[in-house]
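The structure appears below as structure tokens.
The values are calculated or read from the model by the stated rules, or taken from the named source; none is laboratory data. Bear in mind that the values here come from a model prediction, so they are computed numbers and not experimental data. Methodologically, a virtual Cβ is constructed for each residue, glycine included, from the backbone with ideal geometry; neighbour enumeration extends over all protein chains shown. The accessibility values were calculated without ligands, DNA or RNA, using every heavy atom of the protein model including side chains. Shrake-Rupley method; radii C 1.70, N 1.55, O 1.52, S 1.80 Å.
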Amino acid sequence: MEQENLKELISKKEIQNKVKELGKQISEDYKGEEILAICVLKGSFVFTADLLREVTVPSTVEFLAVSSYGASTESSGIIRILKDLDCSIEGKHVVIVEDIIDTGLTLNYLMKTLSTRKPASLKVCTLLDKPERREVDMKADYVGFEIPDEFVIGYGLDFAEYYRNLPGVYIKSDE
Ligand code: PRP
Ligand code: MN
Ligand code: MG
């Protein structure tokens, strides 16, 4: 795949440092407890893997797949659960791990759905936040980077399913 229309926004090193910081923060906040991390597939798989390796409290991880974007760079606004959790979250300290909050529709939907399942607590950790694009009120408890309204890829984020494996976060220009 051609990669020349990519401009680095956040480097691999900057991400590493931030992930360490977030892991430390979560470990302090949940001291004496354990967490259930929910990796929101597909975008969050890279971040979740790195973040959990920086978390020192006992943790388990579960996977949930949703999709709203399809092959477009614009959200369709329709959230589909492609794969639900395999287990109950009742009584658990749940941390939803996301790669990015854009319109907020995905997390808004997930928070609503998951909160009905009686977790002991429910928080959100996102690597990237694009507050300018918000369509519903949605704030994460842990945010790595606030970014401008540009279409970004890499570190789990895709364009038409490609580029998820890039080590940093890049702005993809159109041509
Ligand atoms: C992307 C991203 C977030 C969501 C954020 O997922 O990974 O999950 O969109 O957008 P929102 O705040 O506007 O809802 P996508 O639907 O592209 O699926 P993917 O993770 O499989 O790429
Ligand atoms: Mn996603
Ligand atoms: Mg996507």
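Overview of results
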| item | result |
| --- | --- |
| ³J(HN,Hα), Karplus 6.51/-1.76/1.60, whole Hz, each residue of segment 129-144, x for Gly, Pro | 9, 10, x, 4, 8, 4, 10, 10, 5, 7, 10, 7, 6, 10, 10, x |
| Positive dipole terminus of segment 48-175, leading residue within F151, L85, L166 (C-beta point charges) | L85 |
| Efficiency of FRET from Cβ geometry, D149 and D84, R₀ 22 Å, rounded to 0.05 | 0.10 |
| Prolate/oblate/rounded call for segment 6-172, Cα gyration tensor, a/c under 1.5 rounded | oblate |
| Only Lys, Arg (+1) and Asp, Glu (-1) charged, at Cβ; segment 6-172 dipole about Cα centre in debye | 200 debye |
| Accessible surface ranking that places the most exposed of Y30, Y109 first, with a 1.4 angstrom probe | Y109, Y30 |
| J(HN,Hα) series, segment 154-163, from Karplus relation 6.51 cos²θ - 1.76 cosθ + 1.60, nearest Hz, glycine and proline x | x, 6, x, 7, 10, 10, 6, 6, 8, 6 |
| Label-zone membership for segment 1-38, site V61, 7 angstrom Cα→C-beta point, backbone N under 15 Å | 19-20, 23, 35-38 |
| Accessible-area ranking of L82, L105, largest first, probe 1.4 Å | L82, L105 |
| Farthest toward positive dipole pole in the chain [+1 Lys/Arg, -1 Asp/Glu at C-beta], among S68, G23, F47 | G23 |
| Segment 16-67: C-alpha gyration tensor shape, a/c 1.5 cut-off, then a/b vs b/c | oblate |
| Gained length - R53 relative to K31, 0.36 nm times residue gap less alpha-carbon distance | 6.3 nm |
| Interchain or long-range residues, amide H under 5 Å from K42's placed H | V66 |
| Built amide H within the under 5 Å cut-off of V95, gap 5+ | L36, A37, I38, K123 |
| Derived scalar couplings ³J(HN,Hα) [segment 79-89; Karplus, 6.51 cos²θ - 1.76 cosθ + 1.60; whole Hz; x for Gly, Pro] | 9, 10, 7, 8, 8, 8, 5, 8, 9, 6, 10 |
| Solvent-accessible surface ranking, highest first, for M138, M111 at 1.4 angstrom | M111, M138 |
| Shape of segment 129-175, Cα gyration tensor, a/c cut at 1.5 | prolate |
| Amide hydrogen neighbours beyond the local backbone of L128, cut-off 5 Å, H modeled | I100, I101, G144, F145 |
| Calculated [θ] (222 nm, deg cm²/dmol) that DSSP helices of n ≥ 4 give over the chain, each run adding -39,500 (n - 2.57) | -6500 deg cm²/dmol |
| Inter-label distance for A160 and K12, nm, one decimal - labels placed 7 Å from Cα along Cα-to-Cβ | 2.6 nm |
